[in-house]
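Asks: Please read through the structure below; I'll follow up with questions.
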Amino acid sequence: MKKKKESLDTSLRDLRIADLDLFISAARLRNLGKAAQMNHLSQSAASAAILRVELAFGMALCTHEKRQFRLTKEGQLLLPRAELWLRHLRETVVTDTPQSIRIATTHAIARACIPPILTERIELKLMRPDHAYGAVLRDEADVAIVLDNAPWEGVIATEVGKGSFQLYSTKPTAKPTAVLLPEDQIEVLSLQQRWQQIYGAPLAVKARLPSWSLIADICSLSQEIGFLPDFLALKSKLEPVAWQPTPSRYRILALYRNNSDAFQKRLEGLFRQWRGVFTQK
């Protein structure tokens, strides 16, 4: 028994924290390819990292399949322990001064959720929702604020707001005309489908723009009509036009992985602020 323990201790000397973190991400996503992409690694480099983790622990932790990342019984036992160990390691290097909470979200959501929490120590990263999610998985962000419009796996998801998408303008009595739409949004497709069902013709599109924030700014400075979430329209003093389909609902989620008591306590204060912002109508 002593010889076996000494052998394991020797192997663990070569264990890389980044490799173990990749193993955890792949296990939670059930996909090594996605974990590799989020950690900016090639498939072969990610496979080599997983092999190093198995070598360090001296056991098979997963089945090496192309499309799915399946844990063995030993891997299933190791996963929660590895997550706990990494969390304790990170907490050990924290100083007495509260660390900044790293928040990843879009520009539009940041406009609403950041001003109320500026009394906190925060580090803001603006990026697409899928990139914000990846930043949490790679431990490059502590929390991501996103819409509930994708399968966010491997993280804790807490609702911090909800509302609706509608067509807005400075003039609620504006006549039907071509509208401004954001690019590549699931909510836009829903609007177009409902419009087609009601009016029997496609929704006229004036332009597709890369962000909600840009649409809100243009609409607030003109008589254009744009498709926006209500929290941003309210901030820009816009009003819904009368001739549109039924609004589509949304939820805003906070995605995170750290469930330690200290971190949860800090998050609860942020959640209270965000719920106040996103439910203000």
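Asks: Among 190, 246, 155, pick out the residue whose Cα is farthest towards the positive end of the charge dipole of segment 100-281, where Lys and Arg carry +1 and Asp and Glu carry -1 on C-beta, about the Cα centre.
Replies: Toward the positive end, the furthest listed residue is 246.
Asks: State to the nearest 20 debye the size of the charge dipole of segment 121-275 about its Cα centre, where the only charges are +1 on K and R beta carbons and -1 on D and E beta carbons.
Replies: 420 debye
Asks: Helix 43-57: angle to the longest alpha-carbon principal axis of the chain, degrees 0 to 90, nearest 10?
Replies: 40 degrees
Asks: Here's something else I'd like to know. Compute, for segment 41-80, the length of the dipole vector about the Cα centre, with Cβ point charges of +1 (Lys, Arg) and -1 (Asp, Glu) only. Units Debye, rounded to 20. Before the final figure, lay out the partial values.
Replies: Details: 5 positive and 3 negative charges, 26 e Å.
Dipole size: approximately 120 debye.
Asks: Moving on. Against the longest principal axis of the chain, how steep is helix 17-29, in degrees 0 to 90 to the nearest 10, with axes from Cα atoms?
Replies: Orientation of helix 17-29: about 50 degrees from the principal axis.
Asks: Fewest to most neighbouring Cβ within 10 Å: what's the order for 148, 19?
Replies: Final ranking by Cβ density, sparse to dense: 148, 19.
Asks: Determine Rg/Rh for segment 24-64; Rg is computed over alpha-carbon atoms and Rh is the Kirkwood hydrodynamic estimate from the same atoms.
Replies: 0.95
Asks: What translational diffusion coefficient, in µm²/s and rounded to a whole number, does the Stokes-Einstein relation yield for segment 147-225 at 37 °C and a viscosity of 0.692 mPa s, taking the hydrodynamic radius as the Kirkwood radius over Cα pairs?
Replies: Roughly 227 µm²/s, to the nearest whole number.
Asks: Just 163, 200, 269 to compare: in a GNM of the chain, with alpha carbon springs under 10 Å, which one fluctuates most?
Replies: Largest GNM mean-square fluctuation: 200.
Asks: Continuing with this model, one more query. Let me know the charge dipole size of the chain about its Cα centre in debye, to the nearest 20, where only the beta-carbon of Lys, Arg (+1) and Asp, Glu (-1) is charged.
Replies: 340 debye
Asks: Work out which GluC sites (Glu not before Pro) in the chain are exposed loop sites (DSSP not H, G, I, E or B, at most 12 other Cβ within 10 Å) and give the longest gap free of them.
Replies: Longest gap between qualifying sites, sites excluded: 66-182.
Asks: Then there's this: Counting only Cα, what are the radius of gyration and maximum Cα-Cα distance Dmax of segment 186-281, in Å?
Replies: Just the Cα atoms of segment 186-281 yield Rg and Dmax of 17.2, 55 Å.
Asks: Taking only DSSP H segments of four or more residues, each worth -39500 (n - 2.57), what value at 222 nm results for the chain once the sum is divided by all its residues, to the nearest 500 deg cm²/dmol?
Replies: Numbers: 11 runs with 129 residues, N = 281.
Per the formula, -14000 deg cm²/dmol.
Asks: In addition: Just how far, in whole angstrom, is segment 224-281 from segment 42-80 if you go by their alpha carbon centroids?
Replies: Segment 42-80 and segment 224-281 have Cα centres separated by 38 Å.
Asks: Wrap a convex hull around the Cα atoms of the chain, take a quarter of its surface area, and give that in square nanometres.
Replies: Working: hull surface 72.1 nm².
Directional mean of the projected Cα hull area for the chain stands at 18.0 nm².
Asks: Hey, another quick one. Enter the angle in degrees (range 0 to 90, nearest 10) between the Cα long axis of helix 186-199 and the first principal axis of the Cα atoms of the chain, meaning the one along which they spread out most.
Replies: 30 degrees
Asks: Net charge within 13 Å of residue 51 by Cβ-Cβ distance, Lys/Arg positive one each and Asp/Glu negative one each, not counting residue 51 itself?
Replies: Net of charged neighbours comes to -1.
FYI, it's all coordinate maths here, none of it is from the lab. The model shown is predicted, which means the values in this text are computed figures rather than measured ones. Cβ atoms come from the backbone with ideal geometry, glycine included; neighbour counts cover every protein chain shown.
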